[in-house]
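Visitor: One structure follows; several queries about it will come next.
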Amino acid sequence: MRQAFSIPRFQLPAFVSAIGVRLPQWPHAVALTAGLNAVARMKLLPEDSLELLEGRTFFVEVLDTGGKVSFTYRAGFFRPLFSTPDTPDLSFRANLSAFLQLLARQEDPDTLFFNRELSIEGDTELGLVVKNMLDAVEWPQLPKLPLFRH
């Protein structure tokens, strides 16, 4: 029996962040909002929760890559912001491995938060809405790929 793939905890070398922070950040925002809009159009995000995001601003920082993303939800779409708001409504900061573990549902936000691997700042009520929304997502089952043998 083969074991399920597990994302290890890791931190990229400091030079990655030193370079990444100097790169244009808007492509990250465009990519993330395109992904969020695709997930919303697939009806994987609860519509009643999406309504609670209207007009709110979000900031996501991937600490060990130097990547920063700002976006908002307005008129039914996630939209990139090309500058970071002075005080976004909700901010998330973590290393890449923590965000990947969240996406893969290997770790939940509460565990990462209490282990000080995920920082969440801003509107507490909005943070709970986002957490519950992410917990409610039922990812489609992907077909299993055959293993390559040497």
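Visitor: Does at least one position in segment 76-85 carry a residue that is modelled with pLDDT of 95 or more, closer than 29 Å to Phe114 by Cβ and not aliphatic (A, V, I, L, M)?
Guide: yes
Visitor: From Pro46, Pro88, which residue is touching a helix residue (DSSP H, G or I) at 6+ places or on another chain (Cβ under 8 Å), surrounded by 14 or more Cβ atoms within 10 Å (Cβ to Cβ) and farther than 23 Å from Ala14 by Cα?
Guide: That would be Pro46, the only listed residue that is touching a helix residue (DSSP H, G or I) at 6+ places or on another chain (Cβ under 8 Å), surrounded by 14 or more Cβ atoms within 10 Å (Cβ to Cβ) and farther than 23 Å from Ala14 by Cα.
Visitor: Moving on to the next point. What are the pairs, 6+ residues apart or on separate chains, where a residue within segment 14-26 that is closer than 22 Å to Leu81 by Cα has its Cβ under 7 Å from a residue that is small (Gly, Ala, Ser)?
Guide: Ser17/Gly66; Ile19/Gly66; Gly20/Gly66; Gly20/Gly67; Val21/Gly66; Gln25/Gly67
Visitor: Here's something else I'd like to know. Are any residues in segment 35-44 among the hydrophobic types (A, V, I, L, M, F, W, C) and either on the phi > 0 side of the Ramachandran plot or out of contact with any strand residue (DSSP E or B) (no Cβ under 8 Å at 6 or more places or on another chain) (or both), and if so, which ones?
Guide: Ala38, Val39, Met42, Leu44
Visitor: Right, another one. List pairs: first in segment 98-114 and farther than 18 Å from Asn132 by Cβ and touching a residue at least 60 places away in the same chain (Cβ under 8 Å), second among the hydroxyl-bearing types (Ser, Thr, Tyr) and surrounded by fewer than 14 Cβ atoms within 10 Å (Cβ to Cβ), Cβ under 8 Å, 6+ apart or cross-chain?
Guide: Pairs found: Gln106/Ser6.
Visitor: I'd like the full set of residues that are of a type in the set (S, T, N, Q) and in contact with a Ser or Thr (Cβ under 7 Å, 6 or more places away or on another chain), limited to segment 46-82.
Guide: Thr57, Thr65, Ser70, Thr72
Visitor: Given the options Asp110, Asp64, name the one that is more than 22 Å from Val16 (Cα to Cα) and not basic (Lys, Arg).
Guide: Of the residues listed, the single one that is more than 22 Å from Val16 (Cα to Cα) and not basic (Lys, Arg) is Asp110.
Visitor: Of everything in segment 112-141 that's assigned to a loop (DSSP other than H, G, I, E, B) and under 21 Å from Ala38 (Cβ atoms), which residue is nearest to the chain's Cα centre (by Cα)?
Guide: If we take residues in segment 112-141 being assigned to a loop (DSSP other than H, G, I, E, B) and under 21 Å from Ala38 (Cβ atoms), then Val137 is nearest to the chain's Cα centre (by Cα).
Visitor: Among the candidates Ser17, Ser97, single out the residue that is farther than 22 Å from Ala136 by Cα and not hydrophobic (A, V, I, L, M, F, W, C).
Guide: Answer to the selection: Ser17.
The values are calculated or read from the model by the stated rules, or taken from the named source; none is laboratory data. Quick caveat, the model's predicted, so the values are computed rather than measured. Every residue, glycine among them, receives a Cβ derived from its backbone with ideal geometry; neighbour counts consider all protein chains shown.
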